[in-house]
Amino acid sequence: MTAPAASGPPPTSVPVATSARAGSRRARGWGGAGRGQREGRWALAFLSPWVIGFVVFTAGPMVASLVLSFTDYDLVNSPRLVGTQNYHDLVSDPRLLTSMRNTVIYTVLHVPLAMLLALGLALVLNRLARGQGFFRTLVYLPVMTPPVAIGAMFLLLLNGRSGLVNEVLSWVGITGPAWTTDPAWIKPGLVLMSLWTIGGTAVIYLAALKDVPVQLHEAATLDGANAWQRFRNVTLPMISGTIYFTLIVNTIASLQTFSEVYTMYFGNAATASSSGDAALMYAVYLFQQAFQFLHMGYASAMAWLLFLIILLITVVQVRVARRRVYYEGG
Amino acid sequence: MGRSRSRSVVGAGTALTAVTLAACGGVGGGGGGSDQAASSSGGKVTISTMGFGLPDEIATVRVKTYENSAKGGPVKITEGGFDEQQFLAAVASGNPPDAVHLDRAKVGTYAARGAIVPMDDCIAKSGIDMSQYRKPGVQQVTLDGKVYAIPEFYGMRLLISDDAVVKKAGLTTKQVASGDWDTITMVNDKMTQGSGRNLKVIGYDPRIPETLPLWAAANGGQMLSADGKTASLGDPKVVEALTFTTNLVKRAGKYSEFKATREGVDFFGKDNQYATDTVGAMPIDDFYLNVLADVSPKAGFTVSPILDRQGKQINYSGGSSWAIPKGAKHPEEACEFAKVMTAADTWVAAAKARAEALRAEGGYYLGTNTGNKVADERIRTEVFKPTGVPALDNGAKVLQQAQDSAVTLPATYAGSEFEKAYTDAVTRVLEGSQTPAQALKQAQGEAQKALDAAAKSRQ
Amino acid sequence: MATSVGGSAGATAPAVPVHRNPPSRPGMSQRQHQLLTRGLWSLSILGASLLLLYPFVWLVSASLKPRSQVFDNSLVPNPFAPENYVTVWKAAPLVTWMVNSVVVGLVAAIAVTVSSAVVAFGFAYFRFRWRGPMFALVLGTMMLPGAVTMVPTYLIWDRLGLASTQVPLWAGNLFGSAFYIFLLRQFFLTLPRDLFEAALIDGASYPRLFRSIALPLAKPALVIVFVFELRASWTDLVKPLIYLRDPALYTIPRGLKAVIDQFGKGGESQWEIVLAASVLTTLPMIVLFFLGQRHFVEGIATTGRGGA
């Protein structure tokens, strides 16, 4: 078998790019005319599971929700067409703006922090000489803990008066804020909690790190590169495809964040009644509109607005990432 | 990477429930036609429920009573609380349960959409005596003159004060339990210790926003018209109630600190606020008396009736009910089920079993509050026995007397949004971003808009 | 742990940040510097471990406390209340639910791993006209909140007559899932094309390229997909709650939900039961992860890439 690492590409040209352009560049130069057709058929064969699933189970509900966004629909009676009324209402809905602002703040804080910490954890794990299995399990442990337990525990840990977090802060002379009740601190508190479950991202990074050929590091070391230079010029480019993936996926997930926030601040009567809208995330508000206020039409319009926003952000991310890759490669 | 699919193992929030459609026999749902035939034969039709659990004898004995009754049949109950997503998905697919157990506050919303059907015909046919149920309970399930559900439990509020805190402030329980708002302000001042970050004792916790309807009623105010169609959150009496209660909270300092203190307490545990003497008094859900009876019966607390500003008893009631979803396969049996579940004889049998079980394990039985007056009366005389713990016996007595004084918010087309509107208003005032008048004016706008929209789409 | 792992990790590991650095601080020997760094290194690992471990220890400890002490912040249950577990055990046919969860979870995880890998390979390897737009469509399915597609999806299963069965819990996985397709595609993209070229010249078919080259080399990623989906299926509450109507078909989260609602009445949550149930649910996953995680590393190393 070929040892790809030895003959592999220089690290900086690792195929990170996802664009068709990069793909065609890679593919250029091999295969004759007949091969293109044969490839096309095989491509379709490989994609067919997804295509079938999309047509049967995904496209229908997606289109249905798009159609419903132009109706007044309460899930009980037949939908009634209302034109673009729901979209007009979106513009003048103050809670929609609040939830959007909250979600953006959460995402902007959560995504970079989560990615940095997860990468740090993965690097540490990758270098551990002993106990790798144990630590890997440890990192993934929070992900396996049920959200309901996490929510309950963090309400306790983050409590402004008796919580452990503030107690620890007080040891170093910091008076901690009321993380769970002060509107200004609820979102940072949620981010703090979210950082505990970065194990999923860390594990993905770890797998990518294992993919970085040792030989590249050794070669770089021989060339006199220090640890930082090796990280910057060998590791980072080699895992940039994975970083790109986590950036996009984490952003999408973060903009739709629901479970933990709902459990903590909206799930039960005790906390739901008085947390105000400081923790109101877009997906939580959407859920309220859909299933509590029975405005499925409006909720569908909200969903498609979010869809467009996420699409826009993702396109920007794809563009920026592609350019970065080109600069590095250049 | 937590996408919402991992919502939770045990999902505290979105209480979801099961239905076991016997008709579907578990696998390959959809069916049920064959059972229609069975129901006409007068034989044992199996009905299914959603939103109901079997936590104790009160539940199990009543279900057994129905199953063993002449017109009864097997009940397929899968335990768990009501969940909107599951209920609505089931209704949308045309395959709902026969009976649904839900909060009375939600009845209006579902009734307005036709997700649950009027029960007047079945009430007449099954001979359900509506006069046995307490008026506020019936009011909560009546929309546009039609009854949409049968009231079940009857929850209320109790004023529970901490003896040590009251004594330390040089007050008497009688003063603390006053209906006079100046007196309440005074006792709050005296009982509160510290403020803001150093808040040690919360004097008089009004428990807003959830109790705003109670305080408004105590002030003679009205938040919603009797037909549930017109909000009146801007009513000066409501504004006054909000001003008064938010000022009680402000005495303790910043709301976020107040709330952190309140939430920092081990509410359900042995270090609760009465055991640790960290609250003076608060109007709290009546079930909390059972919590205290369980974890700290000797903590030194006194239960008092809640009084309005004229000094008359007042209370606010809420609770569960049984309704029949649109498209239910066995509405007649479901109606009979609702009848038996809430009948006085059934309640008494269940209360007896519960009391015996509790006493057997050394616990205290303090009563069962039902929406059925006759049942309450009989439970009080036939089942309840003094426990020998004065604080608890006094509590049970206060609770029994409170039952007749309760009011409630009428059924409305947009219950959730109405509640959200006034709840948010309270929060805005507590957080200092609006005055009570401003906040309620905004809430009135939001609530009326939701009510009008719901009324419009109903037509 | 495989020796190749220790080898590849060890090559760079223990010495790392220090070794190649020029001695930066005057007056400090390289050895002292190394000791210091190593100390800091161990300390940070210890700190991170404590942070990660604490909440779970809290969870286990709280689940062993009587109700009146669940939230008392102490990590040592006193008195010790193992009866919480007995209560949960007695209240529910846990073995039935466990078997259901294992079956549903395994089918769901295997289905999604295989199907996503096939589709991801299609996107990563082949070059065809609509590749860009189609992949955008795949990503697009992740961008619409599930709350609005839930009811239409339910209605499809209902029309198929499968709404009250376990089928909707895993059948969607037969067609791949956007998240995993994207993840696996990124891994396939890092594989050098030379490998496939050489095999093609040797006359290998495309399915063979996929099976014999792509799959083995992407094993760590495949294990991740499998583990992620197993966990997701294992902890999913929403789908089982909406679809399952027969207690005999319940998965663990669905079953425990019923138990917990039963114990939490009148607004009073019985947290000790909730938490004991949480621990019971989580433990099998932890054991499984511990046993499976070494494959994250073994993948590449054992196929002769990293360790060569």
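The values are calculated or read from the model by the stated rules, or taken from the named source; none is laboratory data. These numbers come from a predicted model, not from an experiment. FYI the Cβ positions are ideal-geometry reconstructions off the backbone, even for glycines, and counts take in every protein chain you see.
Looking across the stretch A:36-61, the residues that are farther than 18 Å from C:Trp170 by Cα and surrounded by 19 or more Cβ atoms within 10 Å (Cβ to Cβ) come down to A:Trp42, A:Ala43, A:Phe46, A:Leu47. Residue count for the stretch A:112-136 under the criterion of being buried (at least 22 other Cβ atoms within 10 Å of the Cβ) and either of a type in the set (A, V, I, L, M) or touching a Ser or Thr at 6+ places or on another chain (Cβ under 7 Å) (or both): the result is 6.
Take C:Val151 and decide whether it is without any contact (Cβ under 8 Å) to a residue 40 or more places away in the chain, at negative phi and surrounded by 22 or more Cβ atoms within 10 Å (Cβ to Cβ). So C:Val151 fits the description; yes.
Does B:Gln400 satisfy the criteria of being assigned to a helix (DSSP H, G or I) and surrounded by fewer than 20 Cβ atoms within 10 Å (Cβ to Cβ)? Outline the logic, then answer.
On the way: assigned to a helix (DSSP H, G or I): yes; surrounded by fewer than 20 Cβ atoms within 10 Å (Cβ to Cβ): yes.
Criteria met by B:Gln400.
Taken over the stretch A:167-183, the residue count meeting the criterion of being part of a helix (DSSP H, G or I) and either in contact (Cβ under 8 Å) with a residue 60 or more places away in the chain or not aliphatic (A, V, I, L, M) (or both) is 4. For the stretch C:73-85, the criterion of a residue being away from chain A (no Cβ under 13 Å), touching a residue at least 24 places away in the same chain (Cβ under 8 Å) and assigned to a loop (DSSP other than H, G, I, E, B) is satisfied by at least one position. Taking every residue in the stretch C:94-117 that is under 17 Å from C:Arg211 (Cβ atoms) and pairing it with any residue that is buried (at least 22 other Cβ atoms within 10 Å of the Cβ) and at pLDDT below 90, at least 6 positions away or on another chain, the pairs with Cβ-Cβ distances below 8 Å are C:Ala117/C:Ala218.
For the stretch C:190-200, a residue qualifies if it is more than 7 Å from chain A (Cβ to nearest Cβ) and outside any helix (DSSP H, G or I), and exactly one does: C:Leu191.
From the list C:Phe210, C:Phe187, C:Phe179, the lone residue that is surrounded by 19 or more Cβ atoms within 10 Å (Cβ to Cβ), touching an Asp or Glu at 6+ places or on another chain (Cβ under 8 Å), part of a helix (DSSP H, G or I) and at the interface with another protein chain (Cβ under 9 Å from one of its Cβ atoms) is C:Phe187.
In the stretch C:86-96, the condition of being part of a loop (DSSP other than H, G, I, E, B), in contact with a helix residue (DSSP H, G or I) (Cβ under 9 Å, 6 or more places away or on another chain) and under 22 Å from C:Val287 (Cβ atoms) is met by at least one residue. Within the stretch C:100-150, being of a type in the set (D, E, K, R) and closer than 20 Å to A:Val249 by Cβ holds for one residue alone: C:Arg131.
Scanning the stretch A:238-253 for residues that are among the β-branched types (Val, Ile, Thr), within 9 Å of another protein chain (Cβ to nearest Cβ) and touching a residue at least 60 places away in the same chain (Cβ under 8 Å) returns A:Thr246, A:Ile248, A:Ile252.
The listed residues are C:Gly146, C:Gly203, and the only one of them that is over 29 Å from C:Ala258 (Cβ atoms) and either at pLDDT below 90 or among the basic types (Lys, Arg) (or both) turns out to be C:Gly203. Scanning the stretch B:409-459 for residues that are surrounded by fewer than 22 Cβ atoms within 10 Å (Cβ to Cβ) and polar (S, T, N, Q) yields B:Ser416, B:Thr423, B:Ser433, B:Gln434, B:Thr435, B:Gln438, B:Gln442, B:Gln444, B:Gln448, B:Ser457, B:Gln459.
Per-residue answers, yes or no, for (1) within 14 Å of chain A (Cβ to nearest Cβ); (2) among the charged types (D, E, K, R):
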residue: B:Gly234; (1), (2): no, no
residue: B:Tyr255; (1), (2): yes, no
residue: B:Lys259; (1), (2): yes, yes
residue: B:Tyr274; (1), (2): no, no
residue: B:Asp277; (1), (2): no, yes
residue: B:Asp285; (1), (2): yes, yes
residue: B:Val303; (1), (2): no, no
residue: B:Leu307; (1), (2): no, no
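The number of residues in the stretch A:63-88 being buried (at least 19 other Cβ atoms within 10 Å of the Cβ), touching a Gly at 6+ places or on another chain (Cβ under 7 Å) and among the polar types (S, T, N, Q) comes to 3.
Can you give me the ranges of the helices (runs of 4 or more DSSP H) entirely in the stretch B:36-146 with at least 1 residues that are free of Cβ contacts under 8 Å to residues at least 60 places away in the same chain? Show your work before the answer.
Details: elements: B:57-68, B:84-92, B:104-113, B:120-126, B:135-140.
Here the list reads B:57-68, B:84-92, B:120-126, B:135-140.
Checking each residue in the stretch B:174-214 for being within 29 Å of B:Thr408 (Cβ to Cβ), outside any helix (DSSP H, G or I) and within 14 Å of chain A (Cβ to nearest Cβ) picks out B:Ile202, B:Asp205, B:Pro206, B:Arg207, B:Ile208, B:Pro209, B:Glu210, B:Thr211.
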